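*Asks:* Please read through the structure below; I'll follow up with questions.
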Amino acid sequence: MPPSAPSGMSYDPADIEARWRERWRQEGYYEADPDEEGDATFITVPYPYPSGGMHVGHARTYTVPDVYARYRRLQGDNVLFPIAWHVTGTPIIGAVERLKKGEEEQLSVLRDTYDVPEETLQDLETPMGFARYFIEEHYKKGLRQLGLSVDWRREFTTNDERYSKFITWQYETLRDRGLLEKGLHPVKYCTNENNPVTTHDLLEGEEAEFQEYTLVRFRDGEGTVLPMATLRPETVRGVTNAFVDPDGEYVRAEVDGEEWVVSREATEKLRLQDHDVESIEELAGADLVGEHVSNPITEDEVLILPASFVDTDNATGVVMSVPAHSPDDYVALREARERADEITQYGIDPDEVRAIEPVPILTIEGYGEIPARDAVEEYDVESQEDPALEEATQELYNREFHQGELLNAYGEYAGETVEDVRERFRDDYRERGAFDSMQEFTGEVVCRCGGDVEVAKQETWFLRYNDEDWMAKTKRAIEGLDAIPDNTREQYTHTVDWLNEWPCIRNYGLGTRLPWDEDFVIEPLSDSTVYMAYYTVAHRIRDIPPEDLTVDFFDTLFYGPDAAANPDERALELREEWDHWYPVDYRVSANDLISNHLTFYLYHHAELFDEANWPRGITIMGMGLLEGRKMSSSKGHVVLPGEAIDEYGADTVRFFLLNSAEPWQDYDWRDEAVSSAHTQLRRFYNRATEVIEGSRGDPDGRAAESSETAEPSRDDGNRETISEPPRDEQDAPDDQPDLRPIDEWLLSRLQGVVRESTEALEGFETRTASQAAFYAMEEHLRWYRRRADLDRPGARWTLRHVLARRLRLLAPFTPFLANELHEALTGESAEDAGWPEVDEAREDPTVEVRESLVESLTDDINDIVNVTGTDPDVVQVYTAADWKRSVFEQVVEQASPRDADRSNGDSRETTGPDVGAVMSEIMSDPDLRERGNEVSDLVQELVEFVREQEDDRLAILEAVDEADVYADAAGFYEREFDADVRVLGETDAEDAARADGAVPFRPAVHIE
RNA sequence: GCGGGGGUGGCCGAGUCCGGACAAAGGCGGCGGACUUAAGAUCCGCUCCAGUAGUGGUUCGAGGGUUCGAAUCCCUUCCCCCGCACCA
């Protein structure tokens, strides 16, 4: 026994865990190399982004793959589980900036949430200093504390010189293959700082999205363009007039060599959006009112009217009015007509205003010719200020979009729904020069500096994720993927269909410079797509000078000796590592990354590597809550792994995180629940310690387990019967004492648990697996302890045998505890002992069925005791008479057609035994017929019973001698109820009335 | 809108794919008991309603349907959550 063996001390996780951590570190236990035995298994998780500390949410992210890695190691695989650090982009820089400015919120997060010591704060004032601190003090420490089985030799950061060489290779290669493209793209741009900004830089409007307006090029008499901004370009044929803000400021300007009139604000926006804008003269909105402009599509002349709702700071400040389909426009027009006489000040003929009639452009079921009128009437909208207007608009827009069918005037688009043709229609007229476009945000956006943020168009590089060949390859990769859970597969496919070009560079940030334009940095989601390949060589590539890491070098490494003119020997050596570990067996990642990172991961692998090296599987993880609420480091609403581990121990933290929900489900860290998990583990530890100590000084217990390192069932092919206690090599007859049926029952249950745990872990179902190994097994043991005489050598042997298997099943989840106890029990750690296999010879359905009868009789007696409120001195159990038994058999026989139906597979109408048929069959027996109603009641009852039973269980029941089962358990019943227990046949009863209720497997019970 | 996931007993949460031992695992909370000087820990039992005999009744968002039988299958309907691009 190691000196660390538990010796009656209570559970002290800190002590146990510190010892194993040190041992793993010293032995380099989880360092993986190609020359080791076992199938290569490669598991990765997105590298942490150390822009702050780690909380328990992160802890789960890394523990899920760890559990799987540990499981595969127990199964004998050679497992690589590496980790590195992602520092690319601006979040770390932003965090440093905020620290340097002395921002209160940032200081509070660092000081209070993440406990950064005051004197250390200045080390955090450089980006890599900041990153380094959180890497070392939080992530690395935390991951080690949690006991992650990581090969630490391979860590790196994405700002490392050699890593950049690798990314350079990747992007050079993609450019050569034509998958990168240069173009204009909308970005958020601070008009105060004159710089693009990211979401993190925003004070307001983080939710705002880009929105593309179509500009319909109406012209006035002189040919000046008045670009009407609209989100519904297809309504252009319904325009009856235009609106401007009479009090707004407008500008006549030369835009790309053409004369336009737009709001003053719009000129600035157009400039940012790559237009050449030259102001000519300022105008008041009122100057425009009363003018006529012509519709570029219908060539109709329409009047410009004043409207206070027009916002000059939204798009062009010039709006077209479609009163037939826009409740807003309808109401505005209605009011304009009512007050036509008042607007003569603009030089407008009131009759002309009154003559304006809505022009419908589509039909929609449930509405009349002018849907906007119906909507306004339905919602009883009074005025432009009426809140009901918004609702009416929302509903009508929605319906028109999905159901509205365009009228004949639309030619090729006629009869189609808006939804189906809007984009085509817009693009069509844009090409013909009738439309332009401009971008706006859906809401106001303000920079942290206080400056107004607008949409700007910038020259940038894109990854062409909408390239058809690339999409096709990626879809093939998705088809071959083990997507866990399976319903995520569709989400990947959907993402591929929906992704457009992806701008892959930024103006600033940490990371790799774009090789051919050093002004730009490759952004974080684009430099993290194939880095798993880098892990395979990360620990050895350090020996190679960065300048040697050319494109040719990596070509040789990944594509072999023929890929470069003069293959580098060193690259070929590293290639062996890569060959050994690739592909990635499982990547474990969060569900919100499906729509970007994980799909990119598939894209880049599909392009850069052969099919054999494409990702094998991806497991998705759910979100974490803390006490039912979202975790948030800025609000201090987080639990740090260190704190939780200090309080409960790493095993408890792991066990809770893995057991409270399946990986892909959301989970909730509730202190009460964690604490309860801890209690369970302590209880388990104490019980296990008792079992282990009980075996010391116990002649039967000594080495019963220490010699069983061989897998139990590898050699069990020649075992003869299953009703006898199995006697294989490691349970040699002299080591295994005589077992009672209850021992066999527990051993049989154990096999079910092993099977369930194994199957569950194969599919990453950590909850199911740990639930089975821990809680389900605990249930069985609870019954066993109640039911069995534990002082027997057989019971002690059984408990040890079960404990050893259970510890190995728990080893992936609670590695410290499981290894510690297993070593104390057998002299060998659980992880060295390996994963237990199902020992089929110990599976005994008959024993389980018999035991279930004992249990249900216990329940029955208990029920009677409870309902009657008596404390019985005598319990009489009467088993059913023989004739009832034979009725049962006949009923079962009638049920057998069920099998025939099932094997046909065509009939789910398996009704079980036919009551009528059974009855006539049974009534043909004169002895039975004599019993009349008694028989027919019995048949009725048995038919129902049989219908509800599994076939195999029925077969076993037919062979069971009930009286024997209960008699065997009589001692147990006597203890349980503290009463004399007599098991008799129905016909032996002194008082027939009390016994004749007996039914097969449902003995009559009488207590007194 | 698009895509995904849900609605189960006081609460959390299994079960739903492949209908039947389901009044529905397990946990928490609550009640009772054992142990203890006591508290804690631990162990046992109860915890939808009715009931002095193992029973009966009503439940799994709502409403229909299929079936001998539905939390599970089908249809309709209501409600909730998550992600959606330059943020990692």
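*Asks:* Could you say which residue among A:Tyr29, A:Tyr71 is at pLDDT 95 or above, surrounded by fewer than 21 Cβ atoms within 10 Å (Cβ to Cβ) and aromatic (Phe, Trp, Tyr)? First the steps, then the outcome.
*Replies:* Working: A:Tyr71 fails: surrounded by fewer than 21 Cβ atoms within 10 Å (Cβ to Cβ).
Selected residue: A:Tyr29, the only one of A:Tyr29, A:Tyr71 that is at pLDDT 95 or above, surrounded by fewer than 21 Cβ atoms within 10 Å (Cβ to Cβ) and aromatic (Phe, Trp, Tyr).
Residue by residue, here is whether (1) among the small types (Gly, Ala, Ser); (2) within 16 Å of RNA strand B (Cβ to nearest atom); (3) outside the structural domain of A:Glu419 (by TED's automatic domain parsing) holds:
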site: A:Thr363; (1), (2), (3): no, no, no
site: A:Tyr367; (1), (2), (3): no, no, no
site: A:Pro371; (1), (2), (3): no, no, no
site: A:Glu382; (1), (2), (3): no, no, no
site: A:Ala388; (1), (2), (3): yes, no, no
site: A:His402; (1), (2), (3): no, yes, no
site: A:Glu405; (1), (2), (3): no, no, no
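*Asks:* Sticking with this one: Among the residues of region A:506-521, which ones are touching a Ser or Thr at 6+ places or on another chain (Cβ under 6 Å) and within 11 Å of RNA strand B (Cβ to nearest atom)? Please lay out each step first, then the result.
*Replies:* At the first step, the residues of region A:506-521 found to be touching a Ser or Thr at 6+ places or on another chain (Cβ under 6 Å) are A:509-512, A:515.
Result: A:Gly509, A:Leu510, A:Gly511.
*Asks:* So, one more: Which numbered condition in (1) aliphatic (A, V, I, L, M); (2) in a helix (DSSP H, G or I); (3) over 30 Å from A:Glu577 (Cβ atoms) is the only one that A:Val116 fails?
*Replies:* Unmet condition: (2).
*Asks:* Out of everything in region A:226-251 that is of a type in the set (D, E, K, R) and part of a helix (DSSP H, G or I), what residue ends up being farthest from A:Ile304 (Cα to Cα)? Break it down into steps so the answer makes sense when it comes.
*Replies:* We begin by selecting, within region A:226-251, every residue of a type in the set (D, E, K, R); these are A:232, A:234, A:237, A:245, A:247, A:249.
Now drop any that are not part of a helix (DSSP H, G or I), which leaves A:234, A:237.
Numbers: A:Glu234: 20, A:Arg237: 16 Å.
Checking each candidate, the answer is A:Glu234.
*Asks:* Please find, among A:Gly433, A:Gly411, the residue that is in a loop (DSSP other than H, G, I, E, B) and more than 23 Å from A:Ala336 (Cα to Cα). Lay out the reasoning, then the answer.
*Replies:* Values: A:Gly411 fails: in a loop (DSSP other than H, G, I, E, B).
Matching residue, one of A:Gly433, A:Gly411: A:Gly433.
*Asks:* Quickly run through region A:922-944 and pick out the residues that are in contact with a strand residue (DSSP E or B) (Cβ under 8 Å, 6 or more places away or on another chain) and within 10 Å of RNA strand B (Cβ to nearest atom).
*Replies:* Step one: of region A:922-944, the residues in contact with a strand residue (DSSP E or B) (Cβ under 8 Å, 6 or more places away or on another chain) are A:938, A:941-942.
Listed by number, the list holds a single entry, A:Glu941.
*Asks:* Related question: In region A:171-225, which strands (runs of 3 or more DSSP E) lie fully inside it and hold 2 or more residues that are at pLDDT 75 or above?
*Replies:* Details: elements: A:180-190, A:202-204, A:210-220.
The strands (runs of 3 or more DSSP E) meeting that bar are A:180-190, A:210-220.
*Asks:* Counting only residues that are more than 16 Å from A:Met54 (Cβ to Cβ) and open to solvent by 40 Å² or more (accessible area, probe 1.4 Å), how many does region A:131-151 have?
*Replies:* So the answer is 0.
*Asks:* If you take the residues of region A:945-1002 that are assigned to a strand (DSSP E or B) and over 23 Å from A:Arg787 (Cβ atoms), which of them is farthest from RNA strand B (Cβ to nearest atom)? Let's see the steps before the verdict.
*Replies:* Let us first name the residues in region A:945-1002 that are assigned to a strand (DSSP E or B), namely A:980-985, A:999, A:1002.
Then keep just the ones that are over 23 Å from A:Arg787 (Cβ atoms); that gives A:985, A:999.
On the way: A:Gly985: 14, A:Val999: 8 Å.
Top of the filtered list is A:Gly985.
*Asks:* Let me ask something else. Looking at A:Asn500, is it out of contact with any helix residue (DSSP H, G or I) (no Cβ under 7 Å at 6 or more places or on another chain) and surrounded by fewer than 14 Cβ atoms within 10 Å (Cβ to Cβ)?
*Replies:* On the way: out of contact with any helix residue (DSSP H, G or I) (no Cβ under 7 Å at 6 or more places or on another chain): yes; surrounded by fewer than 14 Cβ atoms within 10 Å (Cβ to Cβ): yes.
It is true that A:Asn500 is out of contact with any helix residue (DSSP H, G or I) (no Cβ under 7 Å at 6 or more places or on another chain) and surrounded by fewer than 14 Cβ atoms within 10 Å (Cβ to Cβ).
*Asks:* If I ask for residues that are within 22 Å of A:Pro524 (Cα to Cα), within 12 Å of RNA strand B (Cβ to nearest atom) and within 25 Å of the chain's Cα centre (by Cα), which ones from region A:456-490 would you list?
*Replies:* Scanning region A:456-490 gives a single hit, A:Tyr465.
*Asks:* Tell me, yes or no, whether region A:42-53 has at least one residue that is surrounded by fewer than 22 Cβ atoms within 10 Å (Cβ to Cβ) and farther than 23 Å from A:Arg132 by Cβ.
*Replies:* There is no residue in region A:42-53 that is surrounded by fewer than 22 Cβ atoms within 10 Å (Cβ to Cβ) and farther than 23 Å from A:Arg132 by Cβ.
*Asks:* Has region A:55-64 got at least one residue that is free of Cβ contacts under 8 Å to residues at least 40 places away in the same chain and either more than 17 Å from the chain's Cα centre (by Cα) or outside the structural domain of A:Ser660 (by TED's automatic domain parsing) (or both)? Before you say what the answer is, go through the steps one by one.
*Replies:* First, pick out the residues of region A:55-64 that are free of Cβ contacts under 8 Å to residues at least 40 places away in the same chain: none.
Among the residues of region A:55-64, not one is free of Cβ contacts under 8 Å to residues at least 40 places away in the same chain and either more than 17 Å from the chain's Cα centre (by Cα) or outside the structural domain of A:Ser660 (by TED's automatic domain parsing) (or both), which makes the answer no.
*Asks:* Something else about it: For region A:657-677, does any single residue satisfy the condition of being of a type in the set (Ser, Thr, Tyr), within 9 Å of RNA strand B (Cβ to nearest atom) and either open to solvent by less than 20 Å² (accessible area, probe 1.4 Å) or touching a strand residue (DSSP E or B) at 6+ places or on another chain (Cβ under 7 Å) (or both)? Can you show your working first?
*Replies:* First, pick out the residues of region A:657-677 that are of a type in the set (Ser, Thr, Tyr): A:660, A:667, A:675-676.
Next cut, within 9 Å of RNA strand B (Cβ to nearest atom) only: A:660, A:667, A:675-676.
Cutting the leftovers down to either open to solvent by less than 20 Å² (accessible area, probe 1.4 Å) or touching a strand residue (DSSP E or B) at 6+ places or on another chain (Cβ under 7 Å) (or both) gives us A:660, A:667.
Within region A:657-677 (the criterion being of a type in the set (Ser, Thr, Tyr), within 9 Å of RNA strand B (Cβ to nearest atom) and either open to solvent by less than 20 Å² (accessible area, probe 1.4 Å) or touching a strand residue (DSSP E or B) at 6+ places or on another chain (Cβ under 7 Å) (or both)), the answer is yes, since at least one residue qualifies.
*Asks:* Continuing with the same structure: Which residue, of A:Asp160, A:Asp256, A:Asp247, is without any contact (Cβ under 8 Å) to a residue 24 or more places away in the chain, away from RNA strand B (no atom under 16 Å from the Cβ) and surrounded by fewer than 21 Cβ atoms within 10 Å (Cβ to Cβ)?
*Replies:* Details: A:Asp160 fails: away from RNA strand B (no atom under 16 Å from the Cβ); A:Asp247 fails: without any contact (Cβ under 8 Å) to a residue 24 or more places away in the chain.
Among A:Asp160, A:Asp256, A:Asp247, only A:Asp256 is without any contact (Cβ under 8 Å) to a residue 24 or more places away in the chain, away from RNA strand B (no atom under 16 Å from the Cβ) and surrounded by fewer than 21 Cβ atoms within 10 Å (Cβ to Cβ).
*Asks:* If I ask for residues that are modelled with pLDDT of 80 or more, within 30 Å of A:Glu204 (Cβ to Cβ) and polar (S, T, N, Q), which ones from region A:408-443 would you list?
*Replies:* Residues satisfying the conditions are A:Ser437, A:Gln439.
*Asks:* Under 6 Å by Cβ, and 6 or more places apart or on different chains, what pairs join a residue from region A:590-603 that is not assigned by TED's automatic domain parsing to the domain that holds A:Tyr62 and assigned to a helix (DSSP H, G or I) with one that is open to solvent by 30 Å² or more (accessible area, probe 1.4 Å) and within 7 Å of RNA strand B (Cβ to nearest atom)?
*Replies:* Every condition considered, the pairs that remain are A:Ile594/A:Gln491; A:Asn596/A:Leu525; A:His597/A:Leu525.
*Asks:* Kindly indicate the residue of region A:734-792 that is open to solvent by 70 Å² or more (accessible area, probe 1.4 Å), assigned to a loop (DSSP other than H, G, I, E, B) and in contact with a helix residue (DSSP H, G or I) (Cβ under 8 Å, 6 or more places away or on another chain) and also farthest from RNA strand B (Cβ to nearest atom) among those meeting that condition.
*Replies:* A:Asp738
Condition check ((1) in contact with a Leu (Cβ under 8 Å, 6 or more places away or on another chain); (2) at pLDDT below 90; (3) of a type in the set (Val, Ile, Thr)) across all residues:
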site: A:Glu958; (1), (2), (3): no, yes, no
site: A:Asp961; (1), (2), (3): no, no, no
site: A:Asp964; (1), (2), (3): no, no, no
site: A:Glu974; (1), (2), (3): no, yes, no
site: A:Thr987; (1), (2), (3): no, yes, yes
site: A:Ala995; (1), (2), (3): yes, yes, no
site: A:Val1005; (1), (2), (3): yes, yes, yes
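*Asks:* Select from region A:615-638 the residues that are within 21 Å of the chain's Cα centre (by Cα) and either at positive phi or at pLDDT 85 or above (or both) and list them in ascending order.
*Replies:* To start, the set of residues in region A:615-638 that are within 21 Å of the chain's Cα centre (by Cα) comprises A:615-632, A:638.
Matches in region A:615-638: A:Pro615, A:Arg616, A:Gly617, A:Ile618, A:Thr619, A:Ile620, A:Met621, A:Glu627, A:Gly628.
*Asks:* When you look at A:Ala571, is it in contact with a Ser or Thr (Cβ under 6 Å, 6 or more places away or on another chain), closer than 19 Å to A:Pro34 by Cβ, at pLDDT 95 or above and open to solvent by less than 10 Å² (accessible area, probe 1.4 Å), yes or no? I'd like the intermediate steps shown before the answer.
*Replies:* Details: in contact with a Ser or Thr (Cβ under 6 Å, 6 or more places away or on another chain): yes; closer than 19 Å to A:Pro34 by Cβ: yes; at pLDDT 95 or above: yes; open to solvent by less than 10 Å² (accessible area, probe 1.4 Å): yes.
It is true that A:Ala571 is in contact with a Ser or Thr (Cβ under 6 Å, 6 or more places away or on another chain), closer than 19 Å to A:Pro34 by Cβ, at pLDDT 95 or above and open to solvent by less than 10 Å² (accessible area, probe 1.4 Å).
*Asks:* In addition: For region A:492-500, does any single residue satisfy the condition of being within 11 Å of RNA strand B (Cβ to nearest atom) and in a strand (DSSP E or B)?
*Replies:* no
*Asks:* Name the residue, out of A:Ala307, A:Ala315, A:Ala324, that is within 30 Å of A:His185 (Cα to Cα), crowded, with 21+ Cβ neighbours inside 10 Å, of a type in the set (Gly, Ala, Ser) and assigned by TED's automatic domain parsing to the domain that holds A:Ser383. Quick ask: steps written out before the conclusion?
*Replies:* Details: A:Ala307 fails: within 30 Å of A:His185 (Cα to Cα); A:Ala324 fails: within 30 Å of A:His185 (Cα to Cα).
When all the criteria are applied, what remains is A:Ala315.
*Asks:* Being without any contact (Cβ under 8 Å) to a residue 40 or more places away in the chain, open to solvent by 50 Å² or more (accessible area, probe 1.4 Å) and within 15 Å of RNA strand B (Cβ to nearest atom) is the filter here; which residues of region A:620-656 pass it? Break it down stepwise before answering.
*Replies:* Filtering region A:620-656 for residues without any contact (Cβ under 8 Å) to a residue 40 or more places away in the chain gives A:629-630, A:632, A:635, A:637, A:643, A:647, A:656.
Remaining after also requiring open to solvent by 50 Å² or more (accessible area, probe 1.4 Å): A:629-630, A:635, A:643, A:647.
A:Arg629, A:Lys630 - these are the residues of region A:620-656 that are without any contact (Cβ under 8 Å) to a residue 40 or more places away in the chain, open to solvent by 50 Å² or more (accessible area, probe 1.4 Å) and within 15 Å of RNA strand B (Cβ to nearest atom).
*Asks:* Then there's this: Looking only at residues in region A:183-194 that are in contact (Cβ under 8 Å) with a residue 24 or more places away in the chain and away from RNA strand B (no atom under 14 Å from the Cβ), which one is surrounded by the most Cβ atoms within 10 Å (Cβ to Cβ)?
*Replies:* Restricting attention to region A:183-194, the residues satisfying the condition of being in contact (Cβ under 8 Å) with a residue 24 or more places away in the chain are A:183-193.
Now narrow it down to the ones that are away from RNA strand B (no atom under 14 Å from the Cβ): A:191-192.
Numbers: A:Thr191: 15, A:Asn192: 13.
If we take residues in region A:183-194 being in contact (Cβ under 8 Å) with a residue 24 or more places away in the chain and away from RNA strand B (no atom under 14 Å from the Cβ), then A:Thr191 is surrounded by the most Cβ atoms within 10 Å (Cβ to Cβ).
The values are calculated or read from the model by the stated rules, or taken from the named source; none is laboratory data. If you're wondering where the values come from, they're calculated on a predicted model, not measured in any experiment. Please note: Cβ atoms are built from the backbone with ideal geometry, for glycine as well, and neighbour counts cover all protein chains shown. The accessibility values were calculated without ligands, DNA or RNA, using every heavy atom of the protein model including side chains. Shrake-Rupley method; radii C 1.70, N 1.55, O 1.52, S 1.80 Å.
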